[in-house]
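Encoded as structure tokens, the structure appears first; notes follow it.
What follows draws every value from the coordinates through simple rules; no lab data is involved. In this text, all values refer to a predicted model and were calculated from it rather than measured experimentally. Cβ atoms come from the backbone with ideal geometry, glycine included; neighbour counts cover every protein chain shown.
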Amino acid sequence: MCGKSDDFKQIIGFIIVGITNTLVSYVFNIATLLSLRKLEFEYDYIIANIVAFGGSVLWSFKWNNKYVFKVKNGERRSVGKAIVKTYISYAFTGIFLNNVLLWIWIEKADVSKYLAPFFNPVITICLNFVLSKFWVFKSIESDSEVNNDSEKKV
């Protein structure tokens, strides 16, 4: 079980990764918007968000897996399952929730489509931390540790 110090370090690490992830996402977003501007597509911000999503989720997974939610001694994690879970959880927050929020900011609150992406992380980073900590990067005890724990209880 994680102590409060470990939880705090994870939160700080996740925020740092989240900040860099937001910047990476924003670069992808703006580059896509600028690439599409001559097409004058009404919902270009949704396409830009989807492109930004693909690149930024991979970025986030790499750094969260390596520095934030490290596998501890005696634990194991399927990287393949973790990356699939990352895309699933971020699909909800990064595509569905993000696009709904973008629509609200841009269409209802009249916020610039170039500034609107900065409002969403306040909501999505918190939700992503909970999903990452308790689902995506949840480690599995190794068989030897499970056996040792069973022997101790007997």
> Put +1 on the Cβ of every Lys and Arg and -1 on every Asp and Glu Cβ in the chain; which of Asn73, Thr124, Phe134 then has its Cα farthest towards the positive end of the dipole?
Replying inline: Asn73
> Too long at a 20 Å Cα-Cα cut-off: which of Lys85/Lys113; Lys70/Lys138; Lys72/Lys138; Lys113/Lys133?
Replying inline: Lys85/Lys113; Lys113/Lys133
>> Let me spell out the model: positive unit charges on the Cβ of Lys and Arg, negative unit charges on the Cβ of Asp and Glu, origin at the Cα centre of region 14-138. What dipole size does that give, in debye rounded to 20?
In response: 880 debye
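Work out, step by step, the length gained on full extension between Phe134 and Phe92: first 0.36 nm times the residue separation, then minus their alpha carbon distance; give nm to one decimal. Each step should come with its number before you reach the end.
On the way: separation 42, 0.36 × 42 = 15.12 nm, distance 1.58 nm.
That works out to 13.5 nm of additional length.
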> Say the dipole of region 1-51 comes from +1 at the beta carbon of Lys and Arg and -1 at that of Asp and Glu; which of Ala48, Ser35, Phe8 then lies farthest toward its positive end?
Replying inline: Phe8
> Under the definition of Cα pairs under 8 Å and six or more residues apart, what whole-number percent is the relative contact order of region 1-78?
Replying inline: 39 percent
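Please state the relative contact order of the chain as a whole percent: Cα pairs under 8 Å, 6+ residues apart?
Contact order relative to length: 27 percent.
Sorted from fewest to most neighbouring beta carbons within 10 Å, what does the list Val84, Val51 look like? Don't skip to the answer; put the middle values down first.
On the way: Val84 12, Val51 18.
With the sparsest Cβ surroundings first, the list reads Val84, Val51.
Helix-only estimate, please: 222 nm mean residue ellipticity of the chain, summing -39500 (n - 2.57) across DSSP H runs of length 4 or more and dividing by its residues, to the nearest 500. Don't skip to the end; give the middle numbers.
Values: 6 runs with 93 residues, N = 154.
Helix-only estimate at 222 nm: -20000 deg cm²/dmol.
Stretch Leu39-Ile15 to full length: gain in nm at 0.36 nm per residue minus the Cα-Cα span?
5.1 nm
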> Ile30 versus Ile104, label points 7 Å from Cα toward the beta carbon: distance in nm?
Replying inline: 2.5 nm
> Rg and Dmax of region 14-138 over Cα atoms: what are they, in angstrom?
Replying inline: 15.3, 55
